[in-house]
Amino acid sequence: MSFDLYSLASAGVSDLAPYRPGKPAAELERELGLTDIVSLASNENPLGPSPAALQAATAALSGMTRYPDAAGFRLKAALRERFGLASERLTLGNGSNELISLAARVFVRPGEQIIYSEYSFIAYALAARFVDAEPVVVPAKDAGHDLDAMAAAIGEKTRLIFLANPNNPTGTWFTREQLVRFMDAVPPQVLVVLDEAYTEYVDPSAGLPDGLSLIDDYANLIVLRTFSKAYGLAGLRVGFAVADPAVTDLMNRVRDPFNVNSAALAAAEAALFDSEHLQKTLEVNRKGVAQLSEGFSQLGLGYLPTQGNFLLLDLKRPAQPVFDALLREGVIPRPLAPYGLNDHLRVTVGLAEENRRLLVALEKVLAC
């Protein structure tokens, strides 16, 4: 006798489409037999991790028979030293992605609302569906967050709002002044999650807020940071949330024990203080953004300005055939059909030679 196991799941989960990561280089190697592949799909640091972080992670492996420090004492101490953050404000996560899901699980009941912007990180939509929340998707303005419209969308059932600054996948941003005006309009019982995954790449002259500087002003603000991007630790999965101690207490009650492994804890602690590697990363990104911007302009392609380590490329034609052709050239960008951006590709900024490979491949593919 057969039984429909899907009927056991909540409606939000059974109707959920799994997250689709960028295409791995190893998969393309298997499919097409290519060996020289440029992966520009997942906004990873092309320089790799800090040497200090790599050394710390390697040393931590000798203790892999022991469970990691569930409280993350040393990493929290390092975050206190680096950013002045009290431990009672910190929740460590298996990447900031886990913290997105955790916020929804802790603060949103089935049928309540989660607000997020059109063209924002797809994990927000997944978190809403996972907890059977009602998603309220506010149309984008100039491909970015329309904070006034998001504030106007708040209702009695609203419990959580996700903001990304800079935004993924568009690279757009809002200023400190705009965020403060928005936060002043949000009722205290509605929590705002400010996702600052790309904050290290931000040009200081652009006027973006440092979310950590606003924590004392708003008890309903949760700021997310990650070590996956500028710090080059995407493979180890470690991030942190900063919030009011009461919010942090609730999140840590639900957080899985030992959710951050020993190597990740050690690497993140070391990476925080390798300023030389971080500055090198930012310089490579700055030059790469300029290289790709000039190359796209020469090819007659539109793109959005960015405050991240990626660019949103507007092909003015269906992107999937271009993506497929680029794969055959050994270059992996990111198609954005799941975001409703069917004519766009997101391109991670790589090393100079990787960027050149992309531009050469694009010129060839678009000429066909």
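The values are calculated or read from the model by the stated rules, or taken from the named source; none is laboratory data. Note that the structure is a prediction, hence the values are computed from the model and not measured. As a convention, Cβ positions derive from the backbone with ideal geometry for all residues, glycine included, and neighbour counts pool all protein chains shown.
Side notes on the structure shown:
- Contact map, the range 122-144: residues that are at positive phi paired with residues that are among the hydrophobic types (A, V, I, L, M, F, W, C), Cβ distance under 9 Å, separation 6+ or inter-chain. Pairs shown: Asp132/Ala11; Asp132/Val13; Asp132/Val108; Asp142/Leu304; Ala143/Leu304; Ala143/Leu312; Ala143/Leu341.
- Selected residue (criterion: surrounded by the fewest Cβ atoms within 10 Å (Cβ to Cβ)) from residues of the range 139-167 that are assigned to a strand (DSSP E or B) and in contact with a strand residue (DSSP E or B) (Cβ under 8 Å, 6 or more places away or on another chain): Arg159
- Entirely in the range 168-286, the helices (runs of 4 or more DSSP H) that have 1 or more residues that are within 28 Å of Glu112 (Cα to Cα) and either among the hydrophobic types (A, V, I, L, M, F, W, C) or in the same structural domain as Tyr339 (by TED's automatic domain parsing) (or both): 176-185, 245-254
- Verdict on Arg80 being free of Cβ contacts under 8 Å to residues at least 12 places away in the same chain and surrounded by fewer than 22 Cβ atoms within 10 Å (Cβ to Cβ): yes
- Selection from the range 24-62 of residues that are at pLDDT below 95 and in contact with a Ser or Thr (Cβ under 6 Å, 6 or more places away or on another chain): Ala25
- Here the condition is being assigned to a loop (DSSP other than H, G, I, E, B), surrounded by 14 or more Cβ atoms within 10 Å (Cβ to Cβ), outside the structural domain of Leu336 (by TED's automatic domain parsing) and in contact with a Lys or Arg (Cβ under 9 Å, 6 or more places away or on another chain); of Leu92, Leu85, Leu102, it holds for Leu85 alone.
- Test: residue in the range 213-222 that is out of contact with any strand residue (DSSP E or B) (no Cβ under 7 Å at 6 or more places or on another chain), aromatic (Phe, Trp, Tyr) and over 28 Å from Arg346 (Cβ atoms): yes
- Residue in the range 303-317 that is aromatic (Phe, Trp, Tyr), over 16 Å from Ser39 (Cβ atoms) and not in a helix (DSSP H, G or I) present: yes
- Considering Pro110, Pro68, the condition of being out of contact with any strand residue (DSSP E or B) (no Cβ under 7 Å at 6 or more places or on another chain), of a type outside the set (A, V, I, L, M, F, W, C), part of a loop (DSSP other than H, G, I, E, B) and closer than 23 Å to Asn220 by Cα is satisfied by Pro110 alone.
- Residue in the range 324-368 that is nearest to Ala143 (Cα to Cα), counting only those that are in a loop (DSSP other than H, G, I, E, B) and out of contact with any Gly (no Cβ under 9 Å at 6 or more places or on another chain): Gly340
- Applying a threshold of 8 Å to beta carbon distances and a minimum spacing of six or more residues, or different chains, the list of pairs starting in the range 315-342 at a residue that is under 20 Å from Glu354 (Cβ atoms) and ending at one that is of a type in the set (Ser, Thr, Tyr) reads Ile332/Ser39; Pro333/Thr348; Arg334/Ser42; Arg334/Thr348.
- All positions within the range 33-65 that are β-branched (Val, Ile, Thr), within 19 Å of Ala361 (Cα to Cα) and not in a loop (DSSP other than H, G, I, E, B): Val38
- Between Ala361, Ala319, Ala337, the distinction of being of a type in the set (A, V, I, L, M) and modelled with pLDDT under 95 belongs to Ala337 only.
- Hits in the range 96-126 (condition: under 22 Å from Ala264 (Cβ atoms) and not aliphatic (A, V, I, L, M)): Ser96, Asn97, Glu98, Ser101, Arg105, Phe121
- The set of residues from the range 229-269 being of a type in the set (Lys, Arg), out of contact with any strand residue (DSSP E or B) (no Cβ under 7 Å at 6 or more places or on another chain) and under 16 Å from Pro68 (Cα atoms) comprises just one member, Arg237.
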